[in-house]
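In what follows, a structure is listed as structure tokens, so that the remarks can point back to it.
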Amino acid sequence: MANYSAILMFRTNSLSEGDIYEILSNSRRRETIRHLSAVRDCSVSLRELSVAIATAETGQSPPPQTARESVRSSLHQTHLPKLTELGVVNYDCDTRTVTLRDHARDVDRYMTVITPYGLTWAELYQALGVFSLLTVLASLLEAPLVGAIDPLLWISGSLVAFAVAIATQLWSNRWTVLRALQR
């Protein structure tokens, strides 16, 4: 957890760890942030958000009416006011629309698995993929220096880099689980 704290300390107006853990302690608040992050830059109606969360909870599409009503009620009365107070979302009670705010990034960092270097694993894999693709393409186009090495060798090196990244992720996840079990 120290890595997460160090990342957040650079921002002076970030949420405290206690607030973040309080937000993450409830599945409906987590799903709210996930859903809003997926639609980014758009406001979502309370109805749409309730349907999305009820679908996630029940596994049924469309979810039962009682599940939608339960989710809508708890979001309106409890979760959205709490998230608004903490600056994670903006909930307009009159129009019943919800949008993400700046502090959602603070919470998102805790919802995403981070490498030891402060990147998400997804970002690391994307960077490896783009670098590998560009290197092989440069080799096929016989670019200076890179073109002197057979593309098959570059492809093999890329696969090794992915294998090392995957092994590192699995190893770090194993140690994280073992440390959590020891507590």
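The values are calculated or read from the model by the stated rules, or taken from the named source; none is laboratory data. This is a predicted model, so every value here is computed, not measured. Glycine gets a Cβ as well: all are built from the backbone with ideal geometry, and neighbour counts include every protein chain shown. Ligands, DNA and RNA are stripped out before the accessible areas are found, and what is left, the full protein with its side chains, is counted by its heavy atoms. Shrake-Rupley method; radii C 1.70, N 1.55, O 1.52, S 1.80 Å.
If Asp19 satisfies all but one of (1) closer than 14 Å to Arg105 by Cα; (2) modelled with pLDDT of 85 or more; (3) surrounded by fewer than 18 Cβ atoms within 10 Å (Cβ to Cβ), what's the number of the condition it fails?
For Asp19, the failing item is (3).
Output the residues belonging to segment 44-61 that are of a type outside the set (D, E, K, R), surrounded by fewer than 17 Cβ atoms within 10 Å (Cβ to Cβ) and within 19 Å of Arg96 (Cβ to Cβ).
If the condition is that a residue be of a type outside the set (D, E, K, R), surrounded by fewer than 17 Cβ atoms within 10 Å (Cβ to Cβ) and within 19 Å of Arg96 (Cβ to Cβ), then Ser45 is the only one that fits.
Could you tell me which of the residues Arg105, Arg72 is free of Cβ contacts under 8 Å to residues at least 40 places away in the same chain and touching a helix residue (DSSP H, G or I) at 6+ places or on another chain (Cβ under 9 Å)?
Being free of Cβ contacts under 8 Å to residues at least 40 places away in the same chain and touching a helix residue (DSSP H, G or I) at 6+ places or on another chain (Cβ under 9 Å) holds for just one of Arg105, Arg72, which is Arg72.
For every residue, the table says whether it meets (1) at pLDDT below 90; (2) farther than 30 Å from Gln169 by Cα.
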| residue | (1), (2) |
| --- | --- |
| Cys42 | yes, yes |
| Glu69 | no, yes |
| Thr95 | no, yes |
| Thr120 | yes, no |
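To keep it simple, each residue is scored yes or no on (1) of a type in the set (Ser, Thr, Tyr); (2) at pLDDT 85 or above; (3) farther than 26 Å from Ser73 by Cα.
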site: Ala2; (1), (2), (3): no, no, yes
site: Ser27; (1), (2), (3): yes, yes, no
site: His35; (1), (2), (3): no, yes, no
site: Glu48; (1), (2), (3): no, yes, no
site: Val51; (1), (2), (3): no, yes, no
site: Ala56; (1), (2), (3): no, yes, no
site: Gly59; (1), (2), (3): no, yes, no
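Between Asp150, Asp102, which is among the charged types (D, E, K, R) and either surrounded by 14 or more Cβ atoms within 10 Å (Cβ to Cβ) or under 30 Å from Glu48 (Cα atoms) (or both)?
Asp102
Any residue in segment 170-181 that is open to solvent by 40 Å² or more (accessible area, probe 1.4 Å) and at pLDDT 80 or above?
The answer is yes; a qualifying residue exists.
Do any residues in segment 121-146 that are open to solvent by less than 100 Å² (accessible area, probe 1.4 Å) have Cβ atoms under 6 Å from those of residues that are part of a helix (DSSP H, G or I) and of a type in the set (Val, Ile, Thr), where the two are at least six apart or on different chains, and which pairs are they?
Between residues of segment 121-146 that are open to solvent by less than 100 Å² (accessible area, probe 1.4 Å) and residues that are part of a helix (DSSP H, G or I) and of a type in the set (Val, Ile, Thr), the close pairs are Val136/Ile155; Ala138/Val146; Ser139/Val146.
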